[in-house]
Each structure stands twice: as C-alpha cells, then as structure tokens.
1. Which is in contact with a strand residue (DSSP E or B) (Cβ under 7 Å, 6 or more places away or on another chain) and among the hydroxyl-bearing types (Ser, Thr, Tyr), of Ser198, Ser185, Ser209, Ser247?
2. I need the full set of residues from region 189-208 which are in contact with a helix residue (DSSP H, G or I) (Cβ under 9 Å, 6 or more places away or on another chain) and not in a strand (DSSP E or B), in order please.
3. Can you name the number of the only condition in (1) open to solvent by 20 Å² or more (accessible area, probe 1.4 Å); (2) under 19 Å from Pro124 (Cβ atoms); (3) out of contact with any helix residue (DSSP H, G or I) (no Cβ under 8 Å at 6 or more places or on another chain) that Met211 fails?
4. Can you name the residue in region 214-243 that is in a loop (DSSP other than H, G, I, E, B) and touching a residue at least 40 places away in the same chain (Cβ under 8 Å) and is also most open to solvent (accessible area, probe 1.4 Å) among such residues?
5. Quick check on region 77-103: of everything there that is in a helix (DSSP H, G or I) and in contact with a strand residue (DSSP E or B) (Cβ under 7 Å, 6 or more places away or on another chain), which residue is nearest to Asp13 (Cα to Cα)?
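The values are calculated or read from the model by the stated rules, or taken from the named source; none is laboratory data. Nothing here was measured: the structure is a model prediction, and the numbers come from that model. Counting neighbours? That spans all protein chains shown, and the Cβs are built from the backbone with ideal geometry, glycine included. Just the protein is used for accessible areas: all its heavy atoms, side chains included, with ligands, DNA and RNA removed. Shrake-Rupley method; radii C 1.70, N 1.55, O 1.52, S 1.80 Å.
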Amino acid sequence: MSEAGNWCLIESDPGVFTELISGMGVRGVQVEEIWSLDESTMEQLKPILGLIFLFKWQGASGSEPTVTSTGQPEAATDHIFFANQVIQNACATQAILSILLNRDDIELGQELRNFKEFTGDFPPDMKGLAISNSDLIRSVHNSFARSDPFVNEMQDPRAGKDEDLFHFIAYLPIHGALYELDGLSKGPVNLGACTDDSWVGKANEAIMSRMEKYGASELHFSLMALTKDRIELYQEQMEEVDGMLLSLPEDATEERRRLDDDRNLLGHKLQLEKEKRARWHRENTLRKHNFVPMIYNLLRTLAERKELDPLITTAKEKATTRAAEKAKKKAEKQ
C-alpha cells in the first residue's frame, strides 16, 4: 500500500465518526452505534443511510480478506463510487466515504462534492490514490491522532505478526440493490435486489453471515449506522407538531393533549441528543489532548514532596498480591 503521507489509527466511535464527517464539510448526518439487530432498534434509527461494520481481519498480510458474503465482487460501474484502499489505517474513513459519496440525499459540502465530481471517471485504484492525496480528507482524519510521544499511530498495523487487525466495510442500497463496499476487495459486492424498506434487513443477514464464520468466543465486532442528524430530525418533528396544534379547533381537547405529549417527548429526546453531542465533543477534545506534560509535572511534584516512592512501593505490593491471588485461583481450578 502507498504511504501518501501518514494516516493515524482512529477509534471506532460514533462521536469520532460524526465529528470526522462534519470536519469534511458534510451536513445533516451523524453516526450511531448499533447494539442490537432487532427490528425495534433499527426502527428507532430510521432513516438509516448506510451501515459501517468493523470485524477482525483474517486475511494474510498483503492479500485480500476472504469474501464471506453471499455475493461476488463485480467490476465497479459508473453508478457506484468504489475506491480501493491504497493506504494504511484509512479503512474507517474510506468506509464512511463509501456511503457519503454513493448517496444523492446527503449534503456533501463544496469540497467533497468537487472531489466526487473530479474522481467520478477514475478506476478504483485511482480513486483510492485520490483519497490518499486529498489534503481535506487526510487532515480531518489525522486530526484524531493522539498527542502521545510514546505511541506511533502512523506505523504499519501489519508490522506485528501477532497483532489483531481490524477492518471497516460499508453496506448501503444503490439503485435498487444492496452493496457491500470493501476497499480491500476487487470491487463492490452485489448482495441482491432490495428496497428502501428491506435493505437494512438484508444487510443484517450478510453481517450475521460474516460473524458466523468466526468462533463463538469472538466478540470483536462493531456496527454503526449513518443516520440523519437527530437534532435536526427532532426539531423538524417538533415544528410539525406545532403546526398541527395551531390548526386544531378549540374543542379538540383529546387530540391537543395527545399532541402535547408527543411534543414533550420530542423535546426530551432533543435535550438528550444535545447532551450526547456535548459529551462527544468533550471526549474528542480529550482524545486529542497531550496529557504527558501534566503527568510529568504531577510525578515531579510527588517526587519533590517525597511521596512518589511510597506510592510506587504500595502499587508494587498490590500488583504482587493480585498476581498471587490469580495464580491461586488458577491452581484451584486445575
């Protein structure tokens, strides 16, 4: 894979992905984590624009991952934006772009819209190179690099043979068919015909099929949905309710009470969503902050006050005690 400048590892987190998307100039969407594949959970997230699936990569170094979906890779066509992944650590951003650049109902922003138009006729490998050389995409991606001098997030993740490697792919409907878009595959995978109402269920089946290929003890999966911005959605719904309330006759007491309850519920959801966004922003700020100077000064102050050595001694004693208890429990089980 090409270097094309260094790309950091980024955390699989809906707050990170939502801010990353916003940083690229996209408006009106956000990312939500999915904890269950049942219909009620999916119903609450509608409208779902695409799914992002994280799983443990099982392919050998330098080769493509095993295709576990029911479809087969097909050559990229004019109506699909498909890019090969040609850079390390970019699969999360590339999976997000696979959804953003294949939807006509998302406000991309001027720069990303120009990028889509410019690369529209490129083959998949050239699209991948264009992504790697986009200053906008790379700078927003790397804005989530941790300020940690002891961690090299730009290193090749395949450097350690025993490391668990993880990969992101995208699922979304395109022109009446469900597609799996994986930058390490030869092309988009057509999983069959679908409708706007059925594609999420079909995608869940494909995801479950992938998960079943792993052992029962494997729990390292993550599924996220690209959805409409919930703050905007709730505000629009509240405006609709307000309009209905204004149009009611004065004697429609029961209907007015029902609409008032609906509006109160929407207001509660809106407040929770705003609190969640504030929490996401704080978490992202902490992710990017360099805490090493603070830790250094804390340790130095403790040393000057001669409090550091006793703390280290106590910590070592606790560690020794825990190790002994763990060894004892292990021996009792044998």
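1. Values: Ser198 fails: in contact with a strand residue (DSSP E or B) (Cβ under 7 Å, 6 or more places away or on another chain); Ser209 fails: in contact with a strand residue (DSSP E or B) (Cβ under 7 Å, 6 or more places away or on another chain); Ser247 fails: in contact with a strand residue (DSSP E or B) (Cβ under 7 Å, 6 or more places away or on another chain).
When all the criteria are applied, what remains is Ser185.
2. Within region 189-208, Cys194, Val200, Gly201, Asn204 qualify.
3. Just one mismatch for Met211, condition (2).
4. Per the stated criteria, the residue is His220.
5. The initial filter retains those residues of region 77-103 that are in a helix (DSSP H, G or I), namely 91-100.
After this cut, where a residue has to be in contact with a strand residue (DSSP E or B) (Cβ under 7 Å, 6 or more places away or on another chain) as well, the list is 91-92, 95-96, 98-99.
Values: Cys91: 14, Ala92: 10, Ala95: 14, Ile96: 12, Ser98: 18, Ile99: 17 Å.
By that ranking, first place goes to Ala92.
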